[in-house]
1. In debye to the nearest 20, how big a dipole does the chain give about its Cα centre with +1 on each Lys and Arg Cβ and -1 on each Asp and Glu Cβ?
2. What FRET efficiency comes out for the pair SER242/CYS79, r = Cβ-Cβ distance, R0 = 35 Å, nearest 0.05?
3. Within region 362-432, list the GluC sites (Glu not before Pro) lying in a DSSP loop whose Cβ has at most 16 other Cβ atoms in a 10 Å radius.
4. Let me make sure I get this right: for region 369-426, a, b and c are the square roots of the gyration tensor eigenvalues over alpha carbons, sorted descending. Under 1.5 in a/c it's rounded, otherwise prolate if a/b > b/c, else oblate. Which is it?
5. Exposure proxy check: LYS239, LYS409 ranked by fewest other beta carbons within 10 Å?
6. Label ASN262 and ASN142 with points 7 Å out from Cα along Cα→Cβ: what is the distance between them in nm?
7. Hey, rough spin-label estimate for THR199 and LYS44, points 7 angstrom out along Cα→Cβ, what's it come to in nanometres?
8. Compute the helix-to-body angle for 284-297: its Cα long axis versus the longest principal axis of the chain, expressed 0 to 90° and rounded to tens.
Amino acid sequence: MAISANASILAMLKVYYKKEGIENLLFRNSPLLKKIKKERVEGKEQRFAAMYSRGGAAGGDFTVAKTQAATVAKTAEFCVTPGQLFSVYSMNAKEVAASRSNAGAYMRVGGAKMFAASESFRKTLAAALYGSGYGELCAVPNGGWSFTASTDATITLPEDAVMKIDVGSVLVVKATKATAETSATNTLTVKAINGTSVTVTPSANNDPSAGEIVCLKGSMNASTPILPVGLDGWLPVTKKRSGETWAGFIDDLFFGVDRSVNPDRLAGAFYDATSAASAATQKKSYAVTQLIKKLRRQGSLCDMIVMNDDDFLDFASEIETSNTYFTQTSTKSKKEATIGFSDISAAFSTNYVENIIDDPYCNKGRFYVLSSDAVEFWGYTNAEKAINDTVEGNNPGKQDPMTMDSDDKANDPLQLLVDDLFTISGGSDTSDGPATMVTLNLFGSFVVTNPSVCGVGEFYGSTDFACA
């Protein structure tokens with residue numbers, strides 16, 4: 001109710017603003033994305049070689065050994081080509097002039113748009129990190145969906161998929177992730193998000209079937225992905241690595257390499273717990289230790305275990321670390337393992353895991369055991385600056401939008417690459433005057449330089465669409 005019914009009194013009273021600035025209500029960013037090493041590269045492609053077999057030319061009988069001399073030092077050469085990601089905003093002179101100081105605005109309009117564009121960039125790159133370049137998010141559930149053009153519909157998406165979208169995102173539904181976007185007859189524009197209930201506005205009449213794949217629009221060209229290829233490309237879980245579909249998939253060239261000759265070395269180790277028969281083998285902690293065992297045989301550091309935060313709650317409960325982990329997620333001392341991880345420490349000697357990363361962008365049901373020296377992002381542009389949100393590693397918290405208040409690029413001249421990240425160009429004319437467009441540019445790819453020391457698994461009960 002009004003402070004007074006007297007119009008004269010109301011005319012005397014001012015509006016009191018208790019807080020300056022704008023609060024950040026967005027999701028946190030991916031902790032794994034921040035931890036991965038970033039390297040700058042150039043050229044049309046980046047190559048590296050990997051020896052996947054020592055050969056069989058050894059034995060007690062020289063005449064036998066020499067017949068296998070040609071099998072020695074089997075090596076593959078990966079030829080990595082970059083993906084790309086853009087995040088864009090525009091501003092006009094009227095908006096800039098109206099928000100120069102706290103007297104006129106909570107924060108500068110350009111600074112607020114820069115913050116929002118940076119957050120869109122980070123969260124879309126997190127989606128790419130766990131994908132294979134197609135912007136894949138999830139599958140259409142059993143029962144399918146039914147859409148009428150321009151009529152809002154509410155669908156349910158997995159929590160990890162919701163993390164990767166926001167109001168305004170545009171989705172496409174395709175038969176497979178590799179199906180050309182041009183063949184998709186419908187786009188879904190996100191209008192509202194309430195937990196896992198997402199209201200979308202379809203562009204056409206369409207009835208997607210169960211199992212079709214939901215992707216971010218603009219993630220591929222006519223035939224190939226254009227987002228950076230992520231972990232599901234390097235360490236695939238397709239069809240749980242069995243059957244004809246898997247055989248055809250792994251036989252296809254991946255950055256120039258046929259990985260079918262030795263998938264565990266060229267495409268990473270895999271552990272499938274989805275069909276575990278006993279209560280003991282159904283535990284998430286059991287699945288993780290089995291994958292660690294595989295990777296220790298390959299000499300892995302096994303110093304990053306990554307899983308969805310929902311899966312981590314189960315994992316922590318199983319190994320009785322709930323009461324210690326949540327207060328120590330950012331530490332690297334052995335005290336964080338005093339209760340539950342002591343079992344892992346004993347089982348794996350010096351290789352006990354110091355970092356468990358509960359990443360809400362990771363597909364639920366899927367987990368990774370990674371060697372930090374083998375996972376990198378190779379970029380032409382300044383990925384480190386774009387990804388840095390001022391929150392260290394897996395620490396709690398998120399960035400204050402006001403840290404970008406003065407970084408609005410309003411006074412910068414038109415330039416192709418500012419800070420090796422931004423392009424400032426002329427925008428579209430508006431009724432309020434000409435505009436400037438600012439684009440965050442990223443060109444590069446996630447790279448697993450030694451797939452043999454990294455692995456992926458599926459927990460018992462996993463509903464991960466990528467392995468279906």
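Readers should treat all values here as calculations from the given coordinates under stated rules, not as data from a laboratory. All of these numbers come straight from a predicted model, not from anything done at the bench. Glycine gets a Cβ as well: all are built from the backbone with ideal geometry, and neighbour counts include every protein chain shown.
1. Details: 44 positive and 52 negative charges, 107 e Å.
The dipole magnitude comes to about 520 debye.
2. Numbers: r = 28 Å, r/R0 = 0.80.
Here the calculated transfer efficiency is 0.80.
3. GLU392
4. Details: a/c = 5.04, a/b = 1.47, b/c = 3.44.
Oblate is the answer for region 369-426, as a/c is 1.5 or above yet b/c matches or exceeds a/b.
5. On the way: LYS239 17, LYS409 21.
Fewest-to-most ranking of LYS239, LYS409: LYS239, LYS409.
6. Label-label distance for ASN262 and ASN142, simple model: 4.1 nm.
7. About 5.1 nm, to one decimal.
8. Approximately 60 degrees, to the nearest 10.
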